[in-house]
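See below for the structure under consideration.
The values are calculated or read from the model by the stated rules, or taken from the named source; none is laboratory data. Small disclaimer: the values here were computed from a predicted structure and weren't measured. Cβ sites come from the backbone with ideal geometry, for glycine too, and all protein chains shown count toward neighbours. We work out accessible area using only protein heavy atoms, side chains counted, and drop any ligands, DNA or RNA first. Shrake-Rupley method; radii C 1.70, N 1.55, O 1.52, S 1.80 Å.
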Amino acid sequence: MSFNDLGLSAALVRAVTDQGYTTPTPVQAQAIPAIVEGSDLIGIAQTGTGKTAGFTLPMLHRLMEHRPESKGRPVRALILTPTRELAAQVQESVKTYGNHLPLKSATIFGGVGMQPQIQTLRRGVDILVATPGRLLDHLRQGTVDLSRVETLVLDEADRMLDMGFIHDIRKVIAAVPKQRQTLLFSATFSDEIRKLAGGMLRSPQHVEVERKASAAEIVTQTVHPVSRGNKRALLSNLIGEGGWKQVLVFTRTKHGADRLAEQLEKDGFSSSAIHGNKSQGARTRALSQFKQGRVRVLVATDIAARGLDIDQLPHVVNYELPNVAEDYVHRIGRTGRAGNEGKAVSLVCVDELNLLKGIERLLNRNIDKQIIAGFEPDPREKPEPLFKKPKGGGGRRPQGNNGGGGQQGRGRRPSQGQRSAAPGRGGR
Ligand code: AMP
């Protein structure tokens, strides 16, 4: 299935392709054709399923297909969201996917001045993304006209109800034409949502996608406690004894990645390293050799591995635990996709016990520990700091514990949870 099969115009398929997306997600594959045909729709899907493109693409398609003859630019599509943050995100998607189309969009939410919004509305917009409270303020003041709305979208309707927007929503619905297409998205299909949908949708199609089990739930995770100096020998043993054919190994530093790949080569395993100091050409080459099975071990740093198109790996090894606990989850997400059982193994020495604790706290459970015979950790080994203070103070500078150096400069990005958290209500 490709985006060409969903009935979308060439300009929209091009905009999706520009984003590097080749395959529609399940919610997109089901929702897009139904919406293109004009059906009302209830979509039970969470953030992360691709639901935004699932309603934005067909909505844009229809707006282009049925352009009104009259002059001016009435609001023809209205998307309600519970929060300002979501409104801004959704408008970003509208802009991204509408990149090749002559349509205008705007966001309307509280907490900022009315005047600039009034001016924007006066100039005319085709697509309005709004939080209910501020939209009602504009309705009361007569600064927005919703009488020409053709498509109404309620995004994260369950959250809007939780936030007490039900009356506001009903007032907005009273201001849009009865003859319209209505799309309702919600993470859950509760009785309240059923009731809301019953009164505002007409013979809706239902699309429901299951919550994806997180990598942490489906990947078998094991920690092998080991002495600092024995990690490489243990890794070679695991690869050799286990007959692992394709393994992605994470190190903390670029230098550590290079050294490990060299040492594994010496142990008889074809290996390549990828990290930020390698040219794009070298990275692409290493990756394609790995995918073809010509290279058995790919050693990578977190940044180099991010965005790599390698799926369904049978084995991921944390040769060193990451500095940031969330990166552990990203790393193990490289295995066990699409129903394949994956294994993630972490080689943990005494220096990393605090990092391990942080990861277990994030996962909210302990990871199974297995000592491999012949590679028992030395109980006399004392922890050494992973991060040495740079001379003259300043920020922490991680120092690889086995040769170190060459740490990639990286900021701590917000995790998915933080990104989708909803600070502040999107009302007035
Ligand atoms: P959403 O559930 O709408 O918040 O989307 C989750 C993420 O998936 C967003 O970062 C989108 O850019 C991305 N995305 C949407 N559609 C696709 C697709 N077909 N393939 C890959 N990623 C996608």
Helix-only CD estimate at 222 nm, as mean residue ellipticity for the chain, using -39500 (n - 2.57) per DSSP H run (n ≥ 4) = -11000 deg cm²/dmol
3J(HN,Hα) from dihedral phi, the stretch 34-48, Karplus parametrisation 6.51/-1.76/1.60, rounded to Hz, x for glycine, proline | 5, 6, 4, 6, x, 6, 6, 8, 10, x, 9, 7, 8, 4, x
Listed by chain and number, the residues whose amide H is under 5 Å from that of Leu386, excluding neighbours fewer than 5 places away on the same chain and using placed H, are none
Cα-centre dipole for the stretch 219-398 with unit charges at Cβ (Lys and Arg positive, Asp and Glu negative), debye to 20 = 580 debye
What the Cα atoms of the chain span along the principal axes, largest first and in whole Å, is 77, 46, 41
To the nearest 20 debye, what charge dipole does the chain have about its Cα centre, counting +1 at the Cβ of each Lys and Arg and -1 at the Cβ of each Asp and Glu?
-> 1300 debye
Estimated vicinal HN-Hα couplings, Hz - the stretch 255-263 in sequence order (Karplus 6.51, -1.76, 1.60; Gly, Pro = x) | 4, x, 5, 4, 4, 5, 4, 4, 5
Exactly which GluC sites (Glu not before Pro) in the stretch 338-380 are in a DSSP loop and have at most 11 other Cβ atoms within 10 Å?
-> Glu341
Once amide H atoms are built 1.01 Å from N in the peptide plane, which residues 5 or more positions from Ala300, or in another chain, come under 5 Å H to H?
-> Val249, Phe250, Thr251, Ile274
Within the accessible area of the chain, what % is carbon and sulfur when the probe is 1.4 Å and the other protein chains stay in place?
-> 48 percent
Mind listing the phi-derived Karplus ³J(HN,Hα) values for the stretch 161-178, rounded to whole Hz, using 6.51, -1.76 and 1.60 with θ = phi - 60°, and x for any glycine or proline?
-> 5, 4, 8, x, 8, 4, 5, 4, 4, 4, 5, 5, 4, 5, 9, 9, x, 5
If r is the Cβ-Cβ distance from Ile118 to Glu65 and R0 is 35 Å, what FRET efficiency results, to the nearest 0.05?
-> 0.70
Taking the Cα centre of the stretch 1-142 as origin, sum charge times position over the Cβ atoms of Lys and Arg (+1) and Asp and Glu (-1), and report the length of that vector in debye to the nearest 20.
-> 580 debye
For Ser346, enumerate residues with amide H under 5 Å from its amide H, sequence gap 5+ or separate chain, H modeled in the peptide plane.
-> Thr222, Val223, His224, Asn318
Note down the nm distance, to one decimal, between modelled labels 7 Å out along Cα→Cβ at Arg285 and at Arg14.
-> 3.5 nm
Heavy-atom accessible area per residue of the chain, all protein chains kept, 1.4 Å probe, expressed in Å², is 48 Å²
